[in-house]
Structure formats: structure tokens, C-alpha cells
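Right, one structure below, let's go through it.
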Amino acid sequence: METFDDVISGAHPVLVDFFATWCQPCRMMHPVLEQVKAVLGDRLRIIKVDVDRHGQATARYGVQAVPTLMLFSEGQVLWRSSGAMDKAALLAALEPFLR
């Protein structure tokens, strides 16, 4: 079974959505992330991390607000943003980091 560290340590870009089930802006991000995945396809992997269930990863990356989006490649944080975003803004933010 893949661990969080396994997933973010690969060379393939991974967008991590730190979210909470009780968070309305987090719920708003779900369809946006699906739309972004539809546009970017295999150029990006998207995973969701529930901050209430995975406190260790949440604490390690200093996540204090949800939703927080972080883009990883080879274990390094390439980009980070807190708060809901629309599809166009998220695509524009991610594009410089994708091959």
C-alpha cells in the first residue's frame, strides 16, 4: 500500500488537497479538482488528505486552514495556496510546474 510519503516523493507532480468534511469551501473545491483533472489528465495526480484523520501530515506541512492545496514533486513543495479557487485560477497556478 502506498504511503503519503511514497506518493509525494515521486517525480510525477502530485496536487494534495488538505480538506475537512465539515468545511464548505472544501466541498466547493471537489468539482473544481475534478475539472482540473479532466483538463490535465496524466500530467498531474490529485490526492485528498482529511486533516481530521491525518493530523501528522497536516502538522508536518503546517496546514492551518482548509482547504489548503500543495503541489509536490520529488518530495518538495513546489506551490501552496489556502482557500477555495476556481478552475481557471488553479490551472493558471499549476501550469508553470507541469511538464
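The values are calculated or read from the model by the stated rules, or taken from the named source; none is laboratory data. Nothing here was measured: the structure is a model prediction, and the numbers come from that model. We place every Cβ from the backbone using ideal geometry, glycine too, and count neighbours over all the protein chains shown. Heads up: the accessible areas ignore ligands, DNA and RNA and are worked out on the full protein's heavy atoms, side chains in. Shrake-Rupley method; radii C 1.70, N 1.55, O 1.52, S 1.80 Å.
Things worth noting here:
- Taking Cβ atoms as reference points and 15 Å as the exclusive limit, the residues near residue 54 contribute a net charge of -3, counting Lys and Arg as +1 and Asp and Glu as -1.
- Three-way shape call for the chain based on the alpha-carbon gyration tensor, with the a/c threshold at 1.5: oblate
- Of all DSSP beta bridges confined to the chain, the antiparallel ones make up roughly 65%.
- Trypsin sites (Lys or Arg not before Pro) within the range 24-90, DSSP loop, no more than 15 other Cβ atoms inside 10 Å: 53
- Whether the range 1-48 is rounded, prolate or oblate, judged on the alpha carbon gyration tensor where a/c under 1.5 counts as rounded: oblate
- Entry comment: accessible area of the chain is 56 Å² per residue, from protein heavy atoms only and a probe of 1.4 Å.
- Computed about its Cα centre, the charge dipole of the chain is approximately 180 debye, with only Lys, Arg, Asp and Glu carrying charge at their Cβ.
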